[in-house]
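K.L.:
What follows is a structure written as structure tokens; I'll ask about it next.
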2 protein chains.
Amino acid sequence: MASWLRQVARTPQQDSFELLSRPGMLSLALGLPAAELFPGDALARAAGSLSSVAALQYRAPEESLKPHVIELMSARGVRCSASQIFFTVGAQQGMSLLLRLLLDPGQEVMAEEISYTGFAGALAPHDCRLLTVPTNVETGIDVDAVEALLRGGARPRVLYVMADGHNPLGVSLPLEKRRRLAALAREYAFYILEDDAYGQLCFGANSPAIRSFEDRWVLYIGSFSKILAPSLRLGWVVVPEELAAELANVKEGSDLDVASFSQHVASAALGTGFLGKHIAALKEEYRQRRDAMERALAAHFPSSASWSHPEGGFFTWVDLPRHLNATQLLRRSADEERVAFMPGGAFSMRPGAGDSCMRLSFSYCAPAVIEDGVARLGRLLRSV
Amino acid sequence: MASWLRQVARTPQQDSFELLSRPGMLSLALGLPAAELFPGDALARAAGSLSSVAALQYRAPEESLKPHVIELMSARGVRCSASQIFFTVGAQQGMSLLLRLLLDPGQEVMAEEISYTGFAGALAPHDCRLLTVPTNVETGIDVDAVEALLRGGARPRVLYVMADGHNPLGVSLPLEKRRRLAALAREYAFYILEDDAYGQLCFGANSPAIRSFEDRWVLYIGSFSKILAPSLRLGWVVVPEELAAELANVKEGSDLDVASFSQHVASAALGTGFLGKHIAALKEEYRQRRDAMERALAAHFPSSASWSHPEGGFFTWVDLPRHLNATQLLRRSADEERVAFMPGGAFSMRPGAGDSCMRLSFSYCAPAVIEDGVARLGRLLRSV
């Protein structure tokens with residue numbers, strides 16, 4: 001095996017798939033979209049209409065899908081042209097291709113000390129120096145710390161950040177921090193990888209994406225996984241036009257930059273104009289589940305715990321007293337209460353960060369199930 | 001941009017897409033499957049039935065597809081178990097993931113001096129030393145040369161080879177060479193990446209795949225692109241079980257190792273049992289097109305040209321007199337005869353190899369069109 005792989009453990013996701021397959025497990029662990037809300041009929045109807053050669057043959061990526069992306073970006077305050085949009089196999093491939101495009105060995109990469117595990121996975125093959133900055137559930141990434149590192153001489157090639165529906169923290173960045181990050185990227189000439197997989201699912205007033213403040217240095221990563229269906233494996237990035245052309249080279253070597261059946265399915269489905277209403281329904285349902293989560297936490301968790309108040313996305317982050325280790329708790333929780341969650345340490349980019357925290361997903365379970373799961377977790381917490 | 005990218009030119013495929021979009025161009029350039037033969041109805045019917053949560057949600061790769069792969073492998077003389085099969089986004093991702101899994105910077109990689117461009121693309125991000133060996137249209141890779149390099153001290157980590165329907169040479173390896181390559185891999189402990197994208201499309205008696213002779217060191221790469229449809233972006237590798245587990249880590253960071261809509265479509269379609277008959281029909285049609293290509297070459301090309309006699313795959317390789325440069329010819333051919341082909345130099349892994357050669361695809365055009373295109377190319381060749 002290549003040497004970088006010898007340092008990679010199984011991902012928490014992989015382990016959780018196993019834990020979840022235990023019969024009777026109530027899971028607040030995985031970031032799955034609500035199954036009841038998949039637009040299954042719209043997608044199946046679209047897919048069932050695709051017997052033409054154009055939908056099956058090798059050909060260039062599907063241009064007809066781009067106007068829909070332009071509309072989605074507009075809802076994020078971002079103006080872009082078709083030539084700045086590049087389709088990927090989900091947001092994960094967006095990250096992975098952008099890192100391959102940008103990184104040389106030995107360069108610095110900056111990220112929050114608690115961040116999405118998929119970014120760590122995409123970064124793993126690269127021999128880079130990781131710089132972490134503090135973050136918290138109230139206001140997200142510590143921009144003062146970013147600035148201090150830069151003023152102190154740090155020269156990251158890339159800063160990875162989620163401005164809305166942060167996974168796992170559930171935080172949305174204040175507008176002012178978005179502006180400052182954009183300005184710092186411009187001043188210090190580094191790329192911000194803005195992972196906006198949950199950006200279409202903000203419950204209140206949307207703040208504009210970071211890219212809306214800076215279109216050269218902020219590279220935007222979007223996904224259809226949460227607004228259509230994950231199995232489509234379809235995402236996009238919005239980048240300067242010249243980078244889009246280079247991404248075609250990177251993707252060509254990785255898995256060929258050609259139109260996928262999923263691109264045709266999405267294009268045919270979105271052509272019916274159902275997406276706006278669908279996203280509104282998703283927001284409403286996820287907002288209700290977020291509310292159910294917060295009610296349950298207030299009712300059942302000990303007062304020594306505190307948690308985030310997500311304005312978007314799928315996740316609530318719970319801080320437990322420092323002496324508790326959430327990975328050990330998970331084992332007891334799975335055995336004694338048959339409830340699964342994601343231990344905070346799984347998202348740690350700095351050893352120790354998040355060890356006494358848990359990520360609870362409110363996206364996948366109906367409100368009554370969330371209530372039940374949180375009550376059982378609360379019982380366990382009161383007993384330890 | 002990362003430094004490896006600064007050395008990567010646009011691929012010949014990308015350029016050809018443009019050339020082919022010129023109105024009225026007759027193309028023998030691209031390796032496209034015959035459009036008339038896509039099982040469009042079977043795939044659309046299968047896709048149209050997929051509205052269930054299971055087909056849309058994040059979940060582990062589709063196990064129900066594996067028995068079909070086991071059957072396809074059995075037709076290649078390879079016995080394998082479900083745990084040795086790993087699904088990829090086409091054969092290209094198979095190559096790309098395996099190289100990421102296996103290669104460390106500075107290691108040696110061996111390939112034929114004329115080989116598939118996609119392999120060069122997958123290799124480009126890796127800082128490796130490429131060793132090339134001669135090859136020819138009669139018997140393929142020069143195994144004596146491979147052995148001489150090994151005895152001389154070469155220690156490649158990987159040898160890339162196509163045993164059947166070689167792209168671009170159209171050659172199939174003699175049985176004895178397959179055995180010898182397998183034995184050398186065992187003796188010298190290197191991995192053979194056996195790209196078998198065309199292995200299901202052999203016109204005569206099938207020779208077994210190289211992996212049938214050695215299941216530790218030969219890693220098999222298969223694809224549904226040529227037997228179902230390219231837009232599914234669905235392929236597989238067959239590797240030792242412990243490598244399959246590691247591949248899951250590599251794919252996780254690249255684009256998440258979860259079931260894709262395409263996996264569900266393929267599984268639903270293959271469940272109807274149509275694939276055996278479909279492959280038989282493909283073989284028969286491609287055999288007829290191969291015959292049409294050879295008849296046309298014999299009738300229209302000058303006696304100074306010679307060509308391969310493919311027993312499988314999509315391509316005929318034509319050797320022209322050494323003083324001709326096929327890239328220059330292509331420009332004249334496109335302008336004067338409105339016929340496109342792929343210049344041999346596009347497949348060169350060693351500067352100069354294949355410069356006076358052309359790859360003609362017989363897969364995509366009906367026999368009468370092939371005849372017309374070759375006649376026009378022959379007219380041009382006689383004039384130069």
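What follows draws every value from the coordinates through simple rules; no lab data is involved. For clarity, every value in this text was computed on a predicted model and none was experimentally measured. FYI the Cβ positions are ideal-geometry reconstructions off the backbone, even for glycines, and counts take in every protein chain you see.
K.L.:
Per-residue Cβ counts within 10 Å, from other chains only, averaged over A:37-45: what number is that? Don't skip to the end; give the middle numbers.
P.N.:
Working: counts 1, 6, 2, 6, 1, 1, 7, 8, 3.
The per-residue average across the peptide is 4.
K.L.:
Hey, another quick one. Averaged over its residues, how many other protein chain Cβ atoms are within 10 Å of peptide A:96-107's Cβ atoms?
P.N.:
Numbers: counts 4, 2, 0, 2, 6, 5, 3, 3, 5, 4, 0, 1.
Partner-chain Cβ atoms within 10 Å, mean over residues of A:96-107: 3.
K.L.:
May I pose another question? Can you tell me the dipole magnitude for the stretch A:40-270 around its Cα centre, using point charges on the Cβ only (Lys, Arg +1; Asp, Glu -1), in Debye to the nearest 20?
P.N.:
Computed charge dipole of the stretch A:40-270: roughly 240 debye.
K.L.:
Can you find, among B:Q288, A:V339, A:L193, the residue farthest towards the positive end of the dipole of the protein assembly as shown? Put +1 on the C-beta of Lys and Arg, -1 on that of Asp and Glu.
P.N.:
It is B:Q288, whose Cα lies furthest towards the positive end.
K.L.:
Based on the alpha-carbon gyration tensor of chain A and its eigenvalue square roots a ≥ b ≥ c, which shape applies: rounded if a/c is under 1.5, prolate if not and a/b is larger than b/c, or oblate? List each step's numbers first, then the result.
P.N.:
Numbers: a/c = 1.62, a/b = 1.21, b/c = 1.34.
Verdict is oblate for chain A.
K.L.:
Answer rounded, prolate or oblate for the stretch B:198-267, using the Cα gyration tensor with square roots of eigenvalues a ≥ b ≥ c: rounded when a/c is under 1.5, else prolate when a/b is larger than b/c, else oblate. Walk me through the intermediate numbers first.
P.N.:
Working: a/c = 3.08, a/b = 1.18, b/c = 2.62.
Note, shape of the stretch B:198-267 comes out oblate.
K.L.:
Once amide H atoms are placed 1.01 Å from N in the peptide plane, what residues at a sequence separation of 5 or more from A:V133, or on another chain, have their amide H within under 5 Å of its amide H?
P.N.:
Amide H to amide H, under 5 Å and 5 or more residues apart or across chains, A:V133 pairs with A:A111, A:E112, A:E113.
K.L.:
Would you kindly work out, in nm and rounded to one decimal, the distances from the label point of A:S74 to those of the same position in each other copy, ordered shortest first, with label points 7 Å along Cα-to-Cβ?
P.N.:
In ascending order, 5.5 nm.
K.L.:
Quick one: which residues, 5 or more positions from A:L30 or on another chain, have an amide H under 5 Å from its amide H? H modelled 1.01 Å from N in the peptide plane, none for Pro or chain starts.
P.N.:
The list, which skips near neighbours in sequence, is empty: none.
K.L.:
Given the pairs B:K66/B:K277; A:K251/B:K277; A:K177/B:K251; B:K177/B:K277; A:K66/A:K177, which are separated by over 23 angstrom at their Cα positions? Display every interim value, and only then the final one.
P.N.:
Numbers: B:K66/B:K277 19 Å; A:K251/B:K277 34 Å; A:K177/B:K251 33 Å; B:K177/B:K277 31 Å; A:K66/A:K177 29 Å.
The pairs that break the limit, which is 23 Å between Cα atoms, are A:K251/B:K277; A:K177/B:K251; B:K177/B:K277; A:K66/A:K177.
K.L.:
Got a sec to turn the phi values of the stretch A:26-40 into Karplus ³J(HN,Hα) couplings, 6.51 cos²θ - 1.76 cosθ + 1.60 with θ = phi - 60°, whole Hz, x for Gly and Pro?
P.N.:
Working through the residues one at a time gives 8, 10, 10, 8, 8, x, 8, x, 4, 5, 5, 9, 4, x, x Hz.
K.L.:
Highest mean first, how do B:59-71, B:80-92, B:190-202 rank when packing is the count of other Cβ atoms within 10 Å averaged over residues? Can you show the working numbers first?
P.N.:
Values: B:59-71: 17.5, B:80-92: 22.4, B:190-202: 25.5.
Averaged packing, sorted descending, gives the order B:190-202, B:80-92, B:59-71.
K.L.:
Going by the alpha-carbon gyration tensor, a ≥ b ≥ c the square roots of its eigenvalues, is the stretch A:150-247 rounded (a/c under 1.5) or, if a/c is not under 1.5, prolate (a/b greater than b/c) versus oblate? Intermediate values should be presented prior to the final figure.
P.N.:
Working: a/c = 2.04, a/b = 1.30, b/c = 1.57.
Oblate, because a/c is 1.5 or more while a/b does not exceed b/c.
K.L.:
Using the per-residue mean of other Cβ atoms lying within 10 Å as a proxy for protection, in what order, highest first, do the peptides B:259-265, A:282-288 fall?
P.N.:
Details: B:259-265: 26.7, A:282-288: 17.4.
In decreasing order of mean packing, B:259-265, A:282-288 become B:259-265, A:282-288.
K.L.:
Please arrange B:T327, A:T135 by how many other C-beta atoms lie within 10 Å of their C-beta, fewest to most.
P.N.:
Details: B:T327 15, A:T135 23.
Fewest to most other Cβ atoms nearby, the residues stand as B:T327, A:T135.
K.L.:
Would you pull out the residues with amide H under 5 Å of B:W307's amide H, same chain only if 5 or more places away, H placed 1.01 Å from N?
P.N.:
When sequence neighbours closer than 5 places are left aside, the close amide H contacts are B:D319.
K.L.:
Which residue of chain A is nearest the rotation axis onto chain B, counting by its Cβ, and what is the distance in whole Å?
P.N.:
That would be A:G48, 1, residue then distance in Å.
K.L.:
Can you give the net charge of the other residues whose Cβ lies under 9 Å from the Cβ of A:G118, counting K and R as +1 and D and E as -1? Kindly include the intermediate steps, with their values, before the conclusion.
P.N.:
Working: positive: none; negative: A:D195, B:E252.
Neighbour charge sum, excluding A:G118 itself: -2.
K.L.:
Once phi is turned into θ = phi - 60°, what whole-Hz ³J(HN,Hα) does the Karplus curve with 6.51, -1.76 and 1.60 give for every residue of the stretch A:118-125, x standing for Gly and Pro?
P.N.:
x, 5, 4, x, 5, 7, 3, x
K.L.:
For the stretch A:154-165, just list the computed ³J(HN,Hα) in residue order, Karplus coefficients 6.51, -1.76 and 1.60, θ = phi - 60°, integers in Hz, with x standing in for Gly and Pro.
P.N.:
Karplus-based 3J(HN,Hα) across the stretch A:154-165 equals 4, 10, x, 7, 9, 10, 9, 8, 10, 8, 9, x Hz.
K.L.:
What does the structure give for A:52-64 when I average, per residue, the other chain Cβ atoms found within 10 Å of the residue Cβ?
P.N.:
Values: counts 4, 10, 2, 7, 13, 11, 12, 4, 4, 0, 1, 0, 0.
Taking all residues of A:52-64 together, the mean is 5.
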